[in-house]
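Structure first, commentary second.
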Amino acid sequence: MKSKNRNSTLRLSALAAIGLILFVGVVWLSSSVKTARPSGPATNMPTTRVAATATSVWNALLEMTPFAYTTPFPDPGQSPLDGTYTKIDPSWPQWWGCRRCADYRLVGGIWKLQFDKGIMRIYYEVTGWRSIASFTVSGDRLHIFNDPYCPEVVGEYTWRLKDGSLKLEVSDDSCSFDLRGKNLGNQPWPSCLPPDKTIRANDPGQPGCEENPAVPTTVSPSNPQITVVVHGGDSRFFERPPDIFAHANSADRPSPVGIQVTYHSDSIPYGLHRVLWWDGDWIEASTTLSFTSMGIQFLGDPQIGWARVLFDGEEVWRGNTSAIWSRYGRHGGYVEVSGFSPGQHVIRAESLGFDYRPVTVASFGFSYQDGVKITLSPTPSPSTPAR
């Protein structure tokens, strides 16, 4: 009986001790919170504010380090090829969206490559694709490993620097079905620094090296009768769409009678659209019919770039086509010109090319009476164009 009472007493004592500890902890925590909290309007305690700053994909990549999948990290010493390099691939760019595009695939636009104390970084500016890996240099041999797209592969290259450009020749690299080797070795990589390592004033340097390249200035029509309005969205679904459409790829869908659509032979067919890129940088529509307004429909994925619109040979608008409007992954808008007198007229789109991004033109629109009218929330194209 005494033993049972003793055990009960011990249990009660233990519970009381635990309760006391919890009580003291709560009191201490409450006291701490009260101390840290400003006492009222008269307090002079400093307030910490966090300011949101924009971080580019490349700057974010610079903050990252590789993961040692199967090979230990190399010593973080500087190598003779350390530096930042860029190239402009003249292949067709990636102007469409996909959930799982092939990694390291050769596509047109600006590529950036950096070797820095044992870390290799590579970045495709058009879509934001990037990777990071480890590397070592021994003589004229470069070894790349710890790449997340092929963690078990060690790629071997020979390298040389000549006239400020890095040339890589693949010896053995099966990463991403040999695509990494084809990408790194398909053309020289000019350095972001000239051979004498001197940056000169007012020198734009190698494309892709600048973090924020100079944006082309906008223009206004010199003809005061001309009115230019930029409408966000897909003009096919406006409250009042154009009366007549002429598809950009007139080779697949002939233009309506009285309208002629022509384009550079190097522009890229994409269903009923045309992609302006590199030498194939223009498309235009001409007519003598009595329309009161004419327009160009830009429509594509987020990576579409800068373009300008000319009317009868005069530039009337320029801008970032992807920034006009976006919804559900579709970007672009309708640039409409009105106020011109009857007669023959030509409306033309050109890729500015300074950012080496593709520009997708979907169609030209023509209105007989009033121009288009847009709703507050235009409905986007229901799907990407057929290929």
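Observations on the structure shown:
- Some residue of segment 333-353 being at pLDDT 95 or above, surrounded by fewer than 17 Cβ atoms within 10 Å (Cβ to Cβ) and under 14 Å from Trp282 (Cα atoms): yes
- For segment 58-112, the set of residues classified as without any contact (Cβ under 8 Å) to a residue 12 or more places away in the chain and not basic (Lys, Arg) consists of Ala60, Glu63, Pro72, Cys98, listed by residue number.
- Within segment 151-176, considering residues that are assigned to a loop (DSSP other than H, G, I, E, B) and over 25 Å from the mean Cα position of the chain (by Cα), the one surrounded by the most Cβ atoms within 10 Å (Cβ to Cβ): Asp173
- Condition met for Asp370 (assigned to a loop (DSSP other than H, G, I, E, B), acidic (Asp, Glu) and over 23 Å from Phe238 (Cβ atoms)): no
- The numbered conditions (1) of a type outside the set (Lys, Arg); (2) free of Cβ contacts under 8 Å to residues at least 40 places away in the same chain; (3) surrounded by fewer than 15 Cβ atoms within 10 Å (Cβ to Cβ) are all true for Glu239 except (2).
- The requirement of being surrounded by 20 or more Cβ atoms within 10 Å (Cβ to Cβ), farther than 29 Å from Tyr368 by Cα and not basic (Lys, Arg) is satisfied by Gly305.
- Apart from one condition, Ile324 fits all of (1) in the same structural domain as Ser341 (by TED's automatic domain parsing); (2) more than 24 Å from Gly109 (Cβ to Cβ); the exception is (2).
- For segment 234-245, the candidate set comprises residues that are under 29 Å from the mean Cα position of the chain (by Cα) and outside any loop (DSSP other than H, G, I, E, B); within that set, the residue that is farthest from Trp278 (Cα to Cα) is Phe237.
- Lone unmet requirement of (1) among the hydrophobic types (A, V, I, L, M, F, W, C); (2) farther than 23 Å from Leu352 by Cβ; (3) in contact with a Phe, Trp or Tyr (Cβ under 6 Å, 6 or more places away or on another chain) for Phe237: (3)
- Subset of segment 321-332 [surrounded by fewer than 18 Cβ atoms within 10 Å (Cβ to Cβ) and out of contact with any His (no Cβ under 9 Å at 6 or more places or on another chain)]: Ser326, Arg327, Tyr328, Gly329
- Residue check for Pro254: free of Cβ contacts under 8 Å to residues at least 12 places away in the same chain and more than 19 Å from Ile110 (Cβ to Cβ): yes
- The set of residues from segment 148-164 being more than 15 Å from Thr136 (Cα to Cα) and modelled with pLDDT of 95 or more comprises Pro148, Tyr149, Cys150, Pro151, Glu152, Leu161.
- Residues in segment 127-150 that are in a loop (DSSP other than H, G, I, E, B) and over 26 Å from the mean Cα position of the chain (by Cα) were compared, and the one that is surrounded by the most Cβ atoms within 10 Å (Cβ to Cβ) is Asp140.
- Number of residues in segment 167-189 that are more than 18 Å from Ala133 (Cα to Cα) and of a type in the set (A, V, I, L, M): the value is 0.
- Residues located in segment 314-355, provided they are in contact with a helix residue (DSSP H, G or I) (Cβ under 8 Å, 6 or more places away or on another chain) and among the hydroxyl-bearing types (Ser, Thr, Tyr): Tyr334
- Scanning segment 325-364 for residues that are closer than 13 Å to Ser235 by Cα and assigned to a loop (DSSP other than H, G, I, E, B) turns up just one, Trp325.
The values are calculated or read from the model by the stated rules, or taken from the named source; none is laboratory data. Worth saying up front: this structure is predicted, and the values here are computed from it rather than measured. Glycine gets a Cβ as well: all are built from the backbone with ideal geometry, and neighbour counts include every protein chain shown.
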